[in-house]
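Remarks on the structure that follows.
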Amino acid sequence: MSQSSIGGLGPLVDTHAHIYPRDTPLIEGATHKPTRDVTPEEYTRTLDEHGVLFGVHAAASFMGPYNDYTLAALARYPRLRGTAIVDPSIGLPELKAMAAAGIVGIRFSLRAYKGTPDLRSADYQRLFRRVRDLDWHVHVYAEGERIAALTDQLLEAGVNIVVDHYGNPVPDLGERSPGFQAALRAIGSGRGWVKLSAPYRSVGCDHAALAARLLAEGGPERLLFASDWPFVGHETNVTFRQMVESFERVIPDPMVRERIGRTAARLYKFA
């Protein structure tokens, strides 16, 4: 039985959740249209119900560079941090204001979207230098092949990298999946972290084996727990408790889970 299910402490930090208003402005080609408000009040209440102390808002792809709602939530709840989607031409003063508000990184969420940004362009190289100077990270999610390409370019740019959802593996390739291999390269660089999250987005994979390989390669200092709440596209068949229990299955040692939590606290600037 999960510790959190019997009233004890759950993971220290949930490093990936989404909050958004139902009427949020949507980008062109948005892959999701919200049908209800997902509020920071609901999220923090969910954290409390599962004994989780801190949470991180991951910028939602369909909101694009509209970060107002995120910044308002961070202002109300010091226990939250966030990542933002930004235009590459964004100026340093705006980035510094975001950092002061609790933003700790930028996100590329490209799965099911057309086109891949040219990360070697002058605008992106300038942005990545600013990300480095702010001690932020770049948070990546896409199809496995694009995760691999983006990860290699980001490693060249010298930024810290967080790879989502085990690197988005596929069952027939498992550890040989391009995104998972990119996750291994990221942690092997000393500048990468991988989220043990959203196993329902890679059904058929052996997530325990994947977690064991990541743990063997990078240790608890390179791994993160994330719920992916409110499970966009899977809202009716996934629960927060199931995600906590999945984390406990793939990382059965509670001391290792505690070290993973401390890793998240450092990376997301809670400590």
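What the table shows:
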| quantity | calculated |
| --- | --- |
| Calculated FRET value between GLN125 and ARG45, using beta carbons and R₀ = 51 Å, to 0.05 | 0.80 |
| Segment 11-79: Rg to Rh, with Rh as the Kirkwood radius over Cα pairs | 0.98 |
| Theoretical gain in end-to-end length, LEU53 to ARG262 [0.36 nm per residue, Cα-Cα removed] | 74.1 nm |
| Residue-span extension gain [THR236 to ARG176] - 0.36 nm each, minus C-alpha spacing | 18.5 nm |
| Antiparallel bridge percentage (DSSP; both residues within the chain; nearest 5) | 5 |
| Percent antiparallel among DSSP beta bridges (both partners in segment 23-180, rounded to 5) | 0 |
| Per residue solvent-accessible surface (Å²) - the chain, probe of 1.4 Å | 42 |
| Estimated inter-spin distance, ASP68 and THR35, nm [label 7 Å along Cα→Cβ] | 2.6 |
| Cα-derived Rg to Rh of the chain, Kirkwood definition | 0.93 |
| Cα Rg, Dmax (largest Cα-Cα span) when computed across segment 29-136, Å | 14.9, 46 |
| Gain on full stretching of the segment that runs from LYS114 to ALA271 - 0.36 nm per residue minus C-alpha separation | 52.8 nm |
| Percent of beta bridges antiparallel (DSSP, segment 136-271, rounded to nearest 5) | 0 |
| Heavy-atom accessible surface of the chain: percent carbon and sulfur, 1.4 Å | 52 |
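The values are calculated or read from the model by the stated rules, or taken from the named source; none is laboratory data. Note that the structure is a prediction, hence the values are computed from the model and not measured. In this analysis, Cβ positions are derived from the backbone assuming ideal geometry, glycine residues included, and neighbour counts consider all displayed protein chains. Protein only, heavy atoms only, side chains kept; ligands, DNA and RNA dropped before computing areas. Shrake-Rupley method; radii C 1.70, N 1.55, O 1.52, S 1.80 Å.
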